[in-house]
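Beneath this line is the structure, given in structure tokens, with notes to follow.
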């Protein structure tokens, strides 16, 4: 009889699927589908990891509250682990995230505080500073995925080995979106330890800071940092959870290309991912196009498009100047 002790025991070992209809070759392109995790996203991995690391370090004690600034998925990953361990959770989010994610967090008992997206990170009303204020006022524990080394370490310990095993070591290129940087960095470090020739390419929305920083070693001028519609990746600051030395190159993807690819993937591959996953797919296809037959490009889809249905429809897309 095989009965798991709890839902988190089903975490990881998500499938790797070829995208032959999205990119017919001659190189191979495959995506790791992280919405097969129990909470529906790649962030399930770090939610448990950050809580367990804090417990081991004595930073988190029974009855403590956990607070985290999140675009939704990390909050849910934390909530699932916290429910099983008995911690209440507060999440600060921006008004950019879709209603589906807020509703989902609340369904898990999370207290959600909505903050403005169009403010500087240091603004007291930003979702970063609001989380810090709650930490100070309530004596809560703030994992802070943007600085927590358990974030990339979780992917070094799990996602990277899974990809290496699933490709039987044949992977030649690892292409992934950069949000906090944990996913791309942890996987990259593991893969490069197995084969230093593997090339790692980060995917950054137009208007974010990562490409500029990678190419010039400094953050861009404020006027070059501007809003974008792609969810879940890109930043206006440089988190400590991104191991930039593991990334060889960063490429930019615009909103139009990302959202168009959402529906290209769903209608060609029957894979429905969000705009960050589709942005990674766009970049991975660009990388794969000039490569020979023996190349294997692997990307990752962080979650499902079901979390963005209030955006992935003709009305919202039309108001943003986008189309299916």
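No lab work stands behind these numbers, since they all come straight from the coordinates. A quick note: this is a predicted structure, and the numbers were derived from the prediction, not measured. Here the Cβ is made from the backbone with ideal geometry for all residues, glycine too, and neighbour counts use every protein chain on show.
Here are the numbers for the structure shown:
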quantity	calculated
Estimated Rh, the chain: Kirkwood, alpha-carbon pairs, angstrom	19.8
Taking the stretch 188-324 and dividing mean pair separation by its residue count, relative contact order in percent (alpha carbons under 8 Å, at least six apart)	22
Average Cα contact separation per residue, the chain, under 8 Å, 6 or more apart, as relative contact order %	20
Residue among 151, 37, 313 with the largest mean-square fluctuation in a Gaussian network model of the chain, springs linking Cα atoms under 10 Å	313
Residue 238-residue 52 FRET efficiency (beta carbon distance; Förster radius 25 Å; 0.05 resolution)	0.45
The stretch 152-208: proportion of alpha-carbon pairs further apart than 15 angstrom, %	43
Proxy reagent accessibility, fewest Cβ within 10 Å first, across 87, 147	147, 87
Cα-based Kirkwood hydrodynamic radius, the stretch 205-281, one decimal, Å	13.4
Percent of beta bridges antiparallel (DSSP, the chain, rounded to nearest 5)	15
The stretch 284-324 - Debye-derived log10 I(q)/I(0), Cα point model, q = 0.19, 0.23, 0.26, 0.27 Å⁻¹	-0.72, -0.78, -0.84, -0.87
Segment residue 270-residue 13, extension gain: residue separation times 0.36 nm, minus the distance between their alpha carbons	90.5 nm
Sites residue 193 and residue 168, calculated FRET efficiency, Cβ-Cβ separation with R0 22 Å, nearest 0.05	0.85
Nearest-0.05 FRET efficiency for residue 123 and residue 324, computed from C-beta distance (R0 41 Å)	0.70
Helix 73-85 axis, angle to the chain major axis (alpha carbon atoms, nearest 10°)	50
Virtual spin-label span in nm between residue 85 and residue 245, 7 Å along Cα→Cβ	2.9
P(r), alpha carbons of the stretch 44-138 - 5 Å bins starting at zero, rounded %	3, 15, 25, 24, 19, 11, 4, 0
Estimated distance in nm for a label pair at residue 5 and residue 294, the labels positioned 7 Å out from Cα along Cα-to-Cβ	4.5
The chain, helix-only ellipticity at 222 nm - DSSP H runs n ≥ 4, -39,500 (n - 2.57), divided by all residues, nearest 500	-10500 deg cm²/dmol
